[in-house]
1. Determine ³J(HN,Hα), in whole Hz, for all residues of region 93-108 in sequence, where each value follows from phi through the Karplus function 6.51 cos²θ - 1.76 cosθ + 1.60 and θ = phi - 60°; x replaces Gly and Pro.
2. For ARG162 and ARG84, what does the FRET efficiency come to when R0 = 35 Å and r is the distance between their Cβ atoms, rounded to the nearest 0.05?
3. Please give the per residue accessible area of region 53-108, computed with a probe of 1.4 Å over protein heavy atoms only, in Å².
4. Pairs of alpha-carbon atoms within less than 8 angstrom and 6+ residues apart define the contacts here; what relative contact order does the chain have, in percent?
5. Enumerate the calculated ³J(HN,Hα) couplings along region 85-90 in order (Karplus 6.51 cos²θ - 1.76 cosθ + 1.60, θ = phi - 60°), each rounded to whole Hz, writing x wherever the residue is Gly or Pro.
6. For the chain, with all protein chains present and a 1.4 Å probe, just round the carbon and sulfur fraction of the accessible area to a whole percent.
7. Among the helices of the chain (complete DSSP H runs), which have Cα atoms covering no less than 30 Å along the helix axis and a Kyte-Doolittle mean of at least 1.0?
8. Report, by chain and number, residues whose modeled amide H sits under 5 Å from the one on ALA44, excluding near sequence neighbours (fewer than 5 apart, same chain).
Amino acid sequence: MSAVDTAVTSGLVNPDEMFVTGGSGGGVLTTWIVGQTPRFRAAAAQKPVINWASFSLTTDMATYAHKYWFGKQPWEDPQGYWKRSPLSLVGNVSTPTLVVVGDQDFRTPVSDSEQYYEALKLRGIPTALVKVPGASHGGLAARPSQSAAKASAILAWFQRYRASAH
């Protein structure tokens, strides 16, 4: 956020036209950011991990996550998993947030994106869920049609929430 502050202070960025997006780890950070600050007009979280406990039990790298990132299984440290999960911050989110995931993503399973989308809906936060057909984690935009679907959805979402659109 200090880099964003510097860009705003220096006049390089209009603070009324800021958006945030990222994929995979960047999707985690996107959801974490909107749980911490309302300063972005809209967000697009691509293939995010939302709930580290459910992720660690459904991902295609289940034997890896707990061993290298947490040191314990989710049932051994549920609070440790929860405090690092963007879902724990959903009560703070006011930013309209698009969630994008491949319907064949086994790295950051669709169920994580669905959890976030449903939580935002329950809170009344503007949200949409885009499942890119036939797309995996690494191939969310592998085919031109997938790339176009992803980019179009994100650009349309951001356009919808531009200050000049209101």
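The values are calculated or read from the model by the stated rules, or taken from the named source; none is laboratory data. Note that the structure is a prediction, hence the values are computed from the model and not measured. Quick reminder, even Gly has a Cβ in these numbers, built from the backbone with ideal geometry, and neighbours come from all protein chains shown. Note: accessible area is taken over every heavy atom of the protein model, side chains too, but ligands, DNA and RNA are not part of it. Shrake-Rupley method; radii C 1.70, N 1.55, O 1.52, S 1.80 Å.
1. 6, 10, 7, x, 10, 8, 10, 10, 8, x, 6, 10, 7, 9, 7, 10
2. Details: r = 32 Å, r/R0 = 0.92.
It comes to 0.60.
3. Values: 2880 Å² over 56 residues.
Accessible area per residue, region 53-108: 51 Å².
4. Dividing the mean separation by the residue count of the chain yields 22 percent.
5. Whole-Hz 3J(HN,Hα) from phi for region 85-90: 8, x, 4, 5, 9, 4.
6. Working: 4650 of 8260 Å².
Carbon plus sulfur share of accessible area: 56 percent.
7. Working: long enough: none.
Qualifying helices, which must be both long enough and hydrophobic enough, do not occur.
8. Long-range HN contacts for ALA44: VAL20, THR21, GLY22, LEU98.
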